[in-house]
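**Q** The structure follows.
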Amino acid sequence: LDITTDRYAEAFAKNFSTVLLGIIVNCVNGMFVFTFFKSSVFYNDPRYILYIHMVINDMLLVFFSVSLVVMAYAWPKVPLPFCVSLLIISSTTHKNTPLTLAGMAVERYIAICKPLHHHQICTVRRTYILISLIWGVGVLPGLADLILLSIVRPLSVFSTSGLCSTTNVYSTPYHEEQSKITHGIYTSVVWVILVFTYCRVLIAARRASTDKYSAKKAQSTILLHGIQLLLSMMSNITPVIDKIYGNLVPTLWSKIIFFNYLLTNLLPRLLSPLIYGVRDKHFFKYMKGLLSCRLFNVKVESIKH
């Protein structure tokens, strides 16, 4: 975000809007997390474990993303070691979303195409191992940025302070190339997995021995993962959109960057889990029941008082 041309009132409005939207996103996603941990029926289902991992990951992404935006205005001189730590966490949570979607697609593929082996392959223990691997793979680009910074710049740079943003800290051509390569690899691998699993489920759906309803539902689920992946990838095209509209309407550049950030970084984190969670009748039933009980208890308590 461009903070140099913002007046105080405009800066306050932007920060207030960002924080408010961030709180709304995390409160809505928090309902899904609350439902999961209050309903032990989901504890032994790899599908729901992966889903709630994605929701929690997106909540962390929103928290650190909003924090970095507010810090850009409120704390322009952030110590580099602290800033790099925040950027690594932010980068990791960003990479985790597509990787988790790929894991969820593979789980649906095994459930439909290899139903007899599903309970043997997709165990709770292996699901948590997969989540650990997702975090391990997701953190690699952030660590690569840190190593590149240590090689290209003198070590004294770590004693400096400045604006905490990816473009400011990782400003070398090497970082730009590294970002393009890692983004290309991650995106390609995830899309290959989604296309492969979708095609295999599509083929399985035509077999007479396959449960047609389950196969059709799995197809829709994997297709939805593709849409979720597109939503999560929107933040990657933010710089391109900023440049295009910045050149067309230079006087509104600051506002365009801000609204682009909200539309491509924050809103997808709300829509993605919301669509999937509400669509899942089993999960939605439990969430509705829990929220109804909470509202009923509140009403009873207020009547008693």
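The values are calculated or read from the model by the stated rules, or taken from the named source; none is laboratory data. In this text, all values refer to a predicted model and were calculated from it rather than measured experimentally. Neighbour counts run over all protein chains shown; Cβ positions are idealised from the backbone, glycine included. Please note that ligands, DNA and RNA were not included when accessible areas were found on the heavy atoms of the full protein model with its side chains. Shrake-Rupley method; radii C 1.70, N 1.55, O 1.52, S 1.80 Å.
**Q** Can you give me the number of residues within region 101-145 that are open to solvent by 50 Å² or more (accessible area, probe 1.4 Å) and within 23 Å of Val189 (Cβ to Cβ)?
**A** 13
**Q** Further question: Can you tell me how many residues in region 187-215 are at pLDDT 75 or above and either open to solvent by 60 Å² or more (accessible area, probe 1.4 Å) or of a type outside the set (Gly, Ala, Ser) (or both)?
**A** 17
**Q** Quick check: anything in region 68-83 within 19 Å of the chain's Cα centre (by Cα), farther than 25 Å from Asn26 by Cβ, modelled with pLDDT of 90 or more and assigned to a helix (DSSP H, G or I)?
**A** No.
**Q** With the structure loaded, tell me whether Lys77 is within 30 Å of Val201 (Cα to Cα), among the basic types (Lys, Arg) and out of contact with any Lys or Arg (no Cβ under 9 Å at 6 or more places or on another chain) or whether it fails that test.
**A** So Lys77 fails the test.
**Q** Can you list the helices (runs of 4 or more DSSP H) lying wholly within region 117-196 that have 1 or more residues being in contact (Cβ under 8 Å) with a residue 60 or more places away in the chain?
**A** Here the list reads 124-138, 140-152, 166-169.
**Q** Continuing with the same structure: I need a count of the residues in region 14-53 that are farther than 28 Å from Phe259 by Cβ and basic (Lys, Arg).
**A** Of the residues in region 14-53, 2 are farther than 28 Å from Phe259 by Cβ and basic (Lys, Arg).
**Q** Given the options Lys77, Lys95, Lys14, name the one that is surrounded by fewer than 17 Cβ atoms within 10 Å (Cβ to Cβ), touching a Leu at 6+ places or on another chain (Cβ under 9 Å) and over 23 Å from Phe283 (Cα atoms).
**A** After ruling out the rest, the residue left standing is Lys77.
**Q** Please enumerate the residues belonging to region 33-46 that are surrounded by fewer than 18 Cβ atoms within 10 Å (Cβ to Cβ) and either of a type in the set (Lys, Arg) or part of a helix (DSSP H, G or I) (or both).
**A** Val33, Phe34, Phe37, Lys38, Ser40, Val41
**Q** Also, quick follow-up: Those residues that are without any contact (Cβ under 8 Å) to a residue 24 or more places away in the chain and assigned to a helix (DSSP H, G or I), I need them from region 84-116; list them, please.
**A** Ser85, Ile110
**Q** Also: Would you say Ile23 is free of Cβ contacts under 8 Å to residues at least 12 places away in the same chain, among the β-branched types (Val, Ile, Thr), open to solvent by 30 Å² or more (accessible area, probe 1.4 Å) and part of a helix (DSSP H, G or I)?
**A** yes
**Q** Another question, then. Being open to solvent by less than 70 Å² (accessible area, probe 1.4 Å) and modelled with pLDDT under 75: is that true of Leu290 here?
**A** no
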